[in-house]
1. Please count how many residues of segment 106-116 are over 19 Å from the mean Cα position of the chain (by Cα) and surrounded by 11 or more Cβ atoms within 10 Å (Cβ to Cβ).
2. Before we move on, is residue 110 of a type in the set (Asp, Glu), under 21 Å from residue 58 (Cβ atoms) and outside any loop (DSSP other than H, G, I, E, B)?
3. I want to confirm something. Restricting to segment 207-224 and keeping residues that are more than 19 Å from residue 247 (Cβ to Cβ) and not polar (S, T, N, Q), which single residue is surrounded by the most Cβ atoms within 10 Å (Cβ to Cβ)?
4. Quick check: anything in segment 30-51 out of contact with any helix residue (DSSP H, G or I) (no Cβ under 8 Å at 6 or more places or on another chain), aliphatic (A, V, I, L, M) and farther than 24 Å from residue 166 by Cα?
5. Within segment 149-168, is even one residue in contact with a Ser or Thr (Cβ under 8 Å, 6 or more places away or on another chain) and more than 29 Å from residue 200 (Cβ to Cβ)?
6. Among the residues that make up segment 223-237, is at least one of them more than 23 Å from residue 44 (Cβ to Cβ) and either basic (Lys, Arg) or over 17 Å from the mean Cα position of the chain (by Cα) (or both)?
7. Determine, yes or no, whether residue 64 is at pLDDT 85 or above, touching a Leu at 6+ places or on another chain (Cβ under 6 Å) and either part of a helix (DSSP H, G or I) or closer than 27 Å to residue 187 by Cβ (or both).
Amino acid sequence: MRTFAIVNRKGGVGKTTTAVELAFILATSCKQRVLFIDADSQGNATSMMLASGQDPSGAGLAAALEYPIEYYPDIIWRTDYEGLDIIPAGEDLADYELSRLLLGEKPNFDRMRRLMEAIKEDNVYDSVVIDCPPYYSISCLSTIAVSDSIIIPAGIDAYSTTGMAGLVRQIDNIRQACPQIRVAGVLVTQWRRSSIGEDAVQTLREESPVPIFRTVIRRTDKVVESSWSREPVGALSPFSAASRDYRTWVAELLGREGVANNA
């Protein structure tokens, strides 16, 4: 079981879209058994993927972080896509994190680690995809701590490119406590063919302290439409530029990571 965490401190770089598309493609195109963990209390990925009519309040990631989970299927919910399940997030996660912040408590990595060990032992899933929030919260650090590979989506703006070194340095600090994690690479998103776009990618390739994926994700209105329709862009518009780019990128990612592609 390989665990991918999608991480960036900066918002608006396609982090949740990348996490959702990775999980969707792994489940539908690669025929993997996939668990999606929404570690962002905004719950955008949860609202997009959770099957209609389900109310996971009190039985999602917040519960896993707050209490020892004796029976993990209690916090795993189905989606509308075969082979893809989710541990959801919502206001209860925000409430949990705020209460722990006010109490000055440190993250309890052991609960998340034990949960993932139990899931791995039962051989229930082939891959786990985690959508991390754009800040270092308890949920973010706890889920990074159980990850194998970190993927960093980055835009083509100056803030994305210049902030990369700092983000990688902070991940290196986390690695001191969790030596198994590594940065798989930086994925350029919202790219468009222009001198600015090409210069930004070139700058990243020259200055980034970690690998840059060959594939770039082109900007398309279909991504915005997918957020309104609450479905992956690969389901809404499978032949759009972003959908095709994400499939190409997933193939590149699996090749780099040595993961079998069952497509």
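1. Quick first cut of segment 106-116, residues over 19 Å from the mean Cα position of the chain (by Cα) only: 106-108, 110-111, 114.
Remaining after also requiring surrounded by 11 or more Cβ atoms within 10 Å (Cβ to Cβ): 107-108, 110-111, 114.
The qualifying residues number 5.
2. no
3. Step one: filter segment 207-224 for residues more than 19 Å from residue 247 (Cβ to Cβ), giving 207-211, 224.
Pick out the ones that are also not polar (S, T, N, Q) and you get 207, 209-211, 224.
On the way: 207: 12, 209: 12, 210: 18, 211: 12, 224: 12.
So, considering only residues that are more than 19 Å from residue 247 (Cβ to Cβ) and not polar (S, T, N, Q), the one surrounded by the most Cβ atoms within 10 Å (Cβ to Cβ) is 210.
4. Checking segment 30-51: at least one residue is out of contact with any helix residue (DSSP H, G or I) (no Cβ under 8 Å at 6 or more places or on another chain), aliphatic (A, V, I, L, M) and farther than 24 Å from residue 166 by Cα.
5. For segment 149-168, residues in contact with a Ser or Thr (Cβ under 8 Å, 6 or more places away or on another chain) and more than 29 Å from residue 200 (Cβ to Cβ): absent.
6. Applying the first criterion (more than 23 Å from residue 44 (Cβ to Cβ)) to segment 223-237 yields none.
Looking for residues that are more than 23 Å from residue 44 (Cβ to Cβ) and either basic (Lys, Arg) or over 17 Å from the mean Cα position of the chain (by Cα) (or both), one finds none in segment 223-237, hence no.
7. Values: at pLDDT 85 or above: yes; touching a Leu at 6+ places or on another chain (Cβ under 6 Å): yes; either part of a helix (DSSP H, G or I) or closer than 27 Å to residue 187 by Cβ (or both): yes.
Here the answer is yes, as residue 64 does meet what is asked.
Table: residues versus (1) within 16 Å of the chain's Cα centre (by Cα); (2) crowded, with 18+ Cβ neighbours inside 10 Å; (3) not acidic (Asp, Glu).
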residue: 9; (1), (2), (3): yes, no, yes
residue: 23; (1), (2), (3): yes, yes, yes
residue: 26; (1), (2), (3): yes, yes, yes
residue: 36; (1), (2), (3): yes, yes, yes
residue: 57; (1), (2), (3): no, no, yes
residue: 67; (1), (2), (3): no, no, yes
residue: 77; (1), (2), (3): no, yes, yes
residue: 81; (1), (2), (3): no, yes, yes
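The values are calculated or read from the model by the stated rules, or taken from the named source; none is laboratory data. Treat the numbers as computed from the prediction; the structure is a model and nothing was measured. Don't worry about glycine lacking a Cβ; one is built from the backbone with ideal geometry, like all the others, and counts go over all protein chains shown.
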